[in-house]
1. Limiting things to C-alpha atoms, what are the Rg and the maximum Cα-Cα separation (Dmax) for segment B:220-319, in angstroms?
2. Show that you can apply the helix-only estimate: for chain A, add -39,500 (n - 2.57) for every DSSP H stretch of four or more residues, divide by all residues, and state [θ] at 222 nm to the nearest 500.
3. Within segment B:181-221, name every residue whose backbone N is under 12 Å away from a label modeled 7 Å from Cα of B:E229 along the Cβ vector.
4. About the Cα centre, and with charges only on the beta carbon of Lys, Arg (+1) and Asp, Glu (-1), how big is the dipole of chain A? Nearest 20 debye, please.
5. Segment B:184-222 to segment B:36-61: how many Å between their Cα centroids?
6. Classify segment A:84-261 as rounded, prolate or oblate, taking a ≥ b ≥ c as the square roots of the eigenvalues of its Cα gyration tensor: rounded when a/c is under 1.5, otherwise prolate if a/b is larger than b/c and oblate if not.
7. Return the ratio Rg/(2.2 N^0.38 Å) for segment A:165-228, where Rg is computed over Cα atoms only.
8. To the nearest 0.05, how large is the calculated FRET efficiency for A:S246 and A:M219 if R₀ is 60 Å and r is the Cβ-Cβ distance?
Amino acid sequence: MGGGMGRLLRRSLLLGPALFIIGFFMLLPLFLMGYVSILERGMAGGVQWGQHTVEAYVRFLFERDLMDNLVVNIDYLRIFARSFLLALSTTIIALLIGLPTAFYMSLQPARWRNLLIFLVTIPFWTNLLVRNYAWILLLRDSGLINGGLQWLGLSSEPIRLLYTPFAVGVGLTYSFLPFMILPIYASLEKIDLRLVEAAYDLGASKWQALRRIVLPLAMPGIAAGSILVFIPSLGAYVTPELLGGSRQLMIGNLIQGQFGAARNWPFGAALAFVLLALVLLAMMLYARRYRRAPGQA
Amino acid sequence: MQATSGAAIETQRLTKIFDGPGGEVRALDGVDLIIRENEFFTLLGPSGCGKTTLLRLVAGFEQPTSGELLLEGQPMAHRPPHRRPVNTVFQSYALFPHMSVAENVAFGLEMQRTPRQDIKARVERMLSLVKLSGMGERRPAQLSGGQQQRVALARALANQPKVLLLDEPLSALDLKLRKDMQIELKRLQNETGITFVFVTHDQEEALTMSDRIAVMNEGQVLQVGSPTEIYEHPTSRFVADFIGETNLLSARLSRRDGSRAIFDLDGGGELQGQDDGGHQEGAAVTLAVRPERAELQRDGPGLPARVEQLVYFGTDTHYRLRLGNDPTPFVVRRQNRSGAGGGFAEGEEVRLHIAPDAVRVLQD
């Protein structure tokens with residue numbers, strides 16, 4: 001009995017800090033935001049405590065005309081769709097770049113691999129803001145890329161690169177690529193090379209060994225990397241703000257606007273919750289698909 | 001390069017040099033070997049002797065530095081592993097963890113583009129061959145070590161290779177399972193008629209399973225022969241010492257007497273052996289005598305010796321003797337049968353009798 005109690009005590013002591021951090025810094029703010037999303041907005045920002053309404057959620061899909069009738073308004077939905085599309089293409093491009101990179105890294109001699117990992121993490125040494133400004137210098141009409149193209153005589157006038165979805169995609173891919181490379185590398189490195197030899201031995205070509213053995217075994221890394229790129233891309237704020245300009249709003253900018261200039265806290269909170277719900281839904285679909293995938297091989 | 005007919009594998013001056021951190025390592029040093037069709041051939045040697053390198057060259061995982069490798073008379077230079085009529089059972093089994101047992105066995109067949117319905121039938125047949133029928137849906141991780149071993153065998157045999165390579169496949173199994181699998185492997189080889197090339201460092205395993213054995217050391221093949229030849233007629237000190245227990249005696253060829261050769265032991269005394277004609281009178285030689293081929297007597301002819309220690313093994317007893325002033329003890333093994341006469345006690349003075357046909361003259 002005493003031993004059981006001791007174990008319980010020890011366990012709660014060990015779990016304590018984690019529970020405190022999750023409870024105090026994650027669950028509590030989340031509940032607070034959830035509550036804010038069902039309150040009346042305060043006219044000068046903030047909320048009117050005690051005044052409950054679902055107006056914020058209604059506003060996501062409808063607007064009120066002059067007669068106070070609800071009219072469908074898909075502007076916000078469009079921003080959500082654009083954000084999803086941008087986050088998805090960022091994830092796919094990061095995967096297309098990250099998978100071969102990680103594969104190359106895992107095939108290097110052990111003493112080179114740590115250096116390569118170090119190189120992949122170098123961008124983290126610089127502030128995200130600074131790195132995005134650097135992309136402005138590259139992408140703007142008088143920037144390095146346009147300057148170079150004109151100097152080579154490949155174009156006569158600047159090609160519009162900055163403030164386009166392309167610029168946002170480039171910025172996001174660049175920012176989050178390490179999050180794709182590192183988990184894939186970790187799972188590739190764990191693969192027993194003898195399995196690949198066994199596949200060759202049984203008649204598999206290099207391509208078949210890659211597709212049937214290496215990729216399925218790297219799936220946990222590919223899944224983790226994709227999630228780690230997709231979620232921050234979806235909620236990205238700095239990159240679309242700097243590289244997308246006013247016309248390439250993403251969810252993050254929309255939410256920020258509601259808490260800032262628009263002074264509509266409940267709507268901002270509601271948008272955040274809709275985003276959260278959609279992300280959870282996407283993750284669930286992904287998890288179901290992924291769990292079935294290895295068996296199909 | 002002339003290929004030998006009836007040879008499943010032939011190597012000619014096969015050499016493999018690795019660049020190690022401490023310079024070049026000659027893993028294989030000019031190996032000439034002929035492995036016949038349908039035989040159970042064992043590469044036996046201590047770790048680092050080159051046996052696994054030879055196997056990997058045959059499988060195609062490594063390329064030889066020089067020399068020729070022929071499979072069924074076909075030169076294999078630069079032919080990738082997936083184009084060779086050879087399959088391997090790996091030491092670690094190397095089963096695909098993300099596939100079921102049946103998918104593992106089917107993998108090679110799928111790579112060969114075998115029609116789907118044939119694959120299913122063949123997988124069933126392979127699983128029943130290794131006594132794993134009904135286990136097809138399991139994952140490798142759900143199987144015991146012995147069962148994983150059988151899956152690895154079924155997977156490698158499914159493609160009906162000309163040659164099956166086995167890289168110390170039994171080393172991870174416990175003794176009882178290993179004995180069962182030895183018999184099982186022999187049965188599979190008889191049933192399939194496939195040439196088995198078996199790599200091991202376990203001399204007992206090699207002796208019990210093989211049709212022929214190649215004993216290797218330091219990248220070279222020292223002797224090739226049947227288990228009896230290897231055990232009864234070792235040609236070199238290394239082979240005599242590595243295979244079973246042996247007493248090695250330094251001696252000098254004193255004189256010849258008909259078909260007999262008389263040796264003067266360095267430790268004192270004389271020993272008669274069969275004359276192999278390979279040495280001149282006065283030449284220094286090493287003689288090998290198996291512990292069970294020497295006899296102990298209370299008196300009569302023979303070399304005088306003293307029992308220093310006796311070790312009881314159940315079925316037999318080992319007597320460690322001091323022979324003249326030879327510093328290494330001479331071991332005699334006597335079966336413990338009823339009626340075999342009483343044992344000898346430690347400290348007892350005895351006579352060691354060694355028949356001439358029990359004495360082997362080693363070449364080095």
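Derivation of every value follows stated rules applied to the coordinates shown; laboratory data play no part. Values in this document were obtained by computation on a predicted structure and should not be read as measured data. So basically every Cβ, Gly included, is an ideal-geometry build from the backbone, and we count neighbours across all protein chains shown.
1. Cα radius of gyration and Dmax of segment B:220-319 are 15.2, 45 Å respectively.
2. Working: 13 runs with 201 residues, N = 297.
Here the helix-only value at 222 nm equals -22500 deg cm²/dmol.
3. The answer is B:211-215.
4. Values: 24 positive and 13 negative charges, 197 e Å.
In debye, rounded to 20, chain A gives about 940.
5. First find each Cα centre; the distance between them is then 9 Å.
6. Numbers: a/c = 2.37, a/b = 1.78, b/c = 1.33.
It comes out prolate by the Cα gyration axes.
7. Working: Rg = 15.0 Å, N = 64, 2.2 N^0.38 = 10.7 Å.
In units of the globular-protein estimate, segment A:165-228 measures up at 1.40.
8. Numbers: r = 40 Å, r/R0 = 0.67.
Approximately 0.90, to the nearest 0.05.
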